[in-house]
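The values are calculated or read from the model by the stated rules, or taken from the named source; none is laboratory data. Predicted, not measured: the structure shown is a model, and the values here were computed from it. Every residue, glycine among them, receives a Cβ derived from its backbone with ideal geometry; neighbour counts consider all protein chains shown.
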Amino acid sequence: NVREAGGDNIVSLSNATHKAINRKSIIEKRLLLALDQQNLKVFYQPQVDIHTGKILAVEALVRWEDDQIGVVKPEELIPIAEETGLINNIGTFVIEEACKQAVKWHKEGLDLKVTINLSVREFRDKNMAKSILTTLENTQCPAKLIQIEITEKFALEAEAETSIIKQMRQLEEEGIVFILDDFGTGYASFRYMQLLPIETLKIDQTFIQSLLQSEKAQRLIHGMVQFGKSMNLTVLAEGVETKEQQQLLQEYGCDAIQGYLISKPVAEDVITKLMVSSVN
Ligand code: C2E
Ligand code: MG
Ligand code: MG
Ligand code: MG
């Protein structure tokens, strides 16, 4: 019986693997088309001052609904895009959209920055910084309106690291601010903090979700906030869903929050309305 069950498992496992490979190649094909037809969208989620609730910036998050395969969530899309190299095309699209939108808000007199996500892996491209600066120029977007969240899910070879450091410093000199995303879960948070020009530390939402569950979690997160402050960094918490979480984070000295408590990621016109109503 055990052997039979094992046999079944092997069959279903290989079926699942087969399906996954199939799905991946479908997504890859549809994504190429979507990029070509500019069928991707960008949603924005507010990052607010924990004390005043003022929107300081909005995070640009890619959204894709395909005619044939429906909504593909970033958590499925981004890893496949990274594997196939299409992440650079997504990056190019999101950066351009974000810059255009930042300029639009700026011209409307709204004071907010736009935050872009880039994986450390995208900086393997030695022309990354240059292409970002070119986009800023083409869209006439001041560098100070743009922040970059950097994630580090993979280990990098030394040569790539050198290239990242150089490119990030170059962008920093132009006035772009860097945020270390998913802090606490990444591959080399502390190492990157030492090497890279990071201005803000963003505590990963998995920690925030555990905040009210145990005293141990509270001590850990309190420690993370204190650590960030002791490094002279701005501390931002993501995935804040409740008032209780916000209050604790505020007690700990956290500077800014982002999460469903404030707003889900929304289309740009919703952000404009939020900004205008908070100004008046
Ligand atoms: P991230 O950068 O850590 O973004 C935060 C994710 O948490 C977003 O998911 C956001 O919608 C979600 N979130 C925000 N507040 C809450 C909350 O209060 N509760 C819960 N449960 N979730 C919340 P999303 O948009 O699905 O993106 C997932 C990940 O995909 C992002 O994680 C980011 O790493 C990546 N990603 C998204 N857009 C891009 C992009 O344009 N380029 C790159 N390289 N990565 C992207
Ligand atoms: Mg992010
Ligand atoms: Mg994050
Ligand atoms: Mg995260």
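Annotations
- Within region 194-217, residues that are closer than 12 Å to Leu236 by Cβ reach partners that are in a helix (DSSP H, G or I) and of a type in the set (S, T, N, Q) with beta carbons closer than 8 Å, at six or more positions or on different chains, in the pairs Ile208/Gln245.
- Which numbered condition Gln170 misses (of (1) assigned to a helix (DSSP H, G or I); (2) within 16 Å of ligand 1 (Cβ to nearest atom); (3) not aromatic (Phe, Trp, Tyr)): (2)
- Ala143 vs. criteria under 19 Å from Thr115 (Cβ atoms), of a type outside the set (D, E, K, R) and either modelled with pLDDT of 95 or more or surrounded by fewer than 18 Cβ atoms within 10 Å (Cβ to Cβ) (or both): yes
- Count of residues meeting criterion [closer than 19 Å to Gly223 by Cα and under 15 Å from the mean Cα position of the chain (by Cα)] in region 162-188: 8
- Top-ranked residue in region 151-181 [being modelled with pLDDT of 85 or more and of a type in the set (Lys, Arg); ranked as farthest from Ala60 (Cα to Cα)]: Lys166
- Every condition in (1) over 26 Å from Glu75 (Cβ atoms); (2) touching a Cys at 6+ places or on another chain (Cβ under 8 Å) holds for Ile146 except the one numbered (1).
- Residue in region 77-117 that is surrounded by the most Cβ atoms within 10 Å (Cβ to Cβ), counting only those that are among the charged types (D, E, K, R) and over 21 Å from Asp49 (Cβ atoms): Glu97
- Residue list for region 182-238, restricted to those being in a helix (DSSP H, G or I), away from ligand 1 (no atom under 16 Å from the Cβ) and touching an Asp or Glu at 6+ places or on another chain (Cβ under 8 Å): Leu195
- Filter result (at pLDDT 95 or above, on the phi < 0 side of the Ramachandran plot and among the small types (Gly, Ala, Ser)) within region 106-140: Ala129, Ser131
- Residues of region 236-260 that are within 12 Å of ligand 3 (Cβ to nearest atom) and out of contact with any Gly (no Cβ under 8 Å at 6 or more places or on another chain): Leu236 alone.
- Among all residues of region 172-180, there is none that is free of Cβ contacts under 8 Å to residues at least 60 places away in the same chain, small (Gly, Ala, Ser) and within 16 Å of ligand 2 (Cβ to nearest atom).
- The residue list Val103, Val58, Val48 contains one member that is over 16 Å from the mean Cα position of the chain (by Cα), aliphatic (A, V, I, L, M) and modelled with pLDDT of 95 or more, which is Val103.
- Meets criteria (more than 16 Å from ligand 3 (Cβ to nearest atom), closer than 21 Å to Lys41 by Cβ and in contact with a Ser or Thr (Cβ under 6 Å, 6 or more places away or on another chain)) for Lys100: yes
- Condition broken by Lys264, with the remaining ones in (1) touching a helix residue (DSSP H, G or I) at 6+ places or on another chain (Cβ under 8 Å); (2) in a loop (DSSP other than H, G, I, E, B) satisfied: (1)
- Criterion violated by Pro142 - all others in (1) over 17 Å from Asn88 (Cα atoms); (2) free of Cβ contacts under 8 Å to residues at least 60 places away in the same chain; (3) within 16 Å of ligand 2 (Cβ to nearest atom); (4) not small (Gly, Ala, Ser) satisfied: (3)
- Within region 27-76, being surrounded by 14 or more Cβ atoms within 10 Å (Cβ to Cβ), free of Cβ contacts under 8 Å to residues at least 60 places away in the same chain and not in a strand (DSSP E or B) holds for Ile27, Glu28, Arg30, Leu31, Ala34, Leu35, Asn39, Ile69, Val72, Pro74, Glu76.
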